[in-house]
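The numbers here are math on the coordinates, done by the rules we state, and not lab data. Computed from a predicted structure; not experimentally measured. Don't worry about glycine lacking a Cβ; one is built from the backbone with ideal geometry, like all the others, and counts go over all protein chains shown.
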Amino acid sequence: MRGYKAIADWANGLGPKARQRFGCRSRAGRYLVPSESIIRDVLIRVDPAALDRALQRWNQAYAGEDESLAIDGKTMCNALDEQGQQTHIMSVIGHQTKICDTQKKSASCR
């Protein structure tokens with residue numbers, strides 16, 4: 001997403017299961033996403049060097065021989081599960097080896 005408003009709009013569009021997976025707080029049985037101002041306040045406090053180190057450690061742990069990984073997700077428009085929900089897939093592929101390190105298929109995020 002580009003910009004805090006776009007991130008907030010994306011978060012507001014998440015369904016209850018996705019909000020739960022992201023660890024959103026719960027009030028009266030509903031998972032609440034942070035507001036645009038909270039998202040902005042948190043992101044401007046993130047130390048870019050620390051984030052870069054954390055992402056490099058993650059890359060080392062999962063990339064193997066690859067210098068970088070491509071992470072991609074798709075919603076399969078015509079692939080429906082038993083409940084009629086669209087199927088979502090996510091994969092991580094190494095740039096150099098072109099090996100798919102992981103792939104996850106899940107039910108609807110909404």
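Need one word for the stretch 1-87: rounded, prolate or oblate. Basis is the Cα gyration tensor (sqrt eigenvalues a ≥ b ≥ c); a/c below 1.5 gives rounded, then a/b vs b/c decides. In terms of gyration-tensor shape, oblate. For the stretch 16-33, backbone phi angles converted through the Karplus equation (6.51, -1.76, 1.60; θ = phi - 60°) give residue-by-residue couplings of x, 5, 5, 4, 5, 4, 7, x, 5, 6, 10, 9, 6, x, 10, 8, 9, 8 Hz, Gly and Pro being listed as x. Taking amide hydrogens as placed 1.01 Å from N in the peptide plane, the amide H of T87 sits under 5 Å from those of M76, A79, D81, each at least 5 positions away in sequence or on another chain.
Restricting to DSSP loop positions (anything but H, G, I, E, B) with no more than 16 other Cβ atoms inside 10 Å of their own Cβ, which trypsin sites (Lys or Arg not before Pro) remain in the stretch 1-65?
On the way: sites: R2, K5, K17, R19, R21, R25, R27, R30, R40, R45, R53, R57; in loops: R2.
Hits after loop and neighbour filter: R2.
Only lysines eight or more places from K98 in sequence, or on another chain, were considered; those with a Cα closer than 30 Å are K74.
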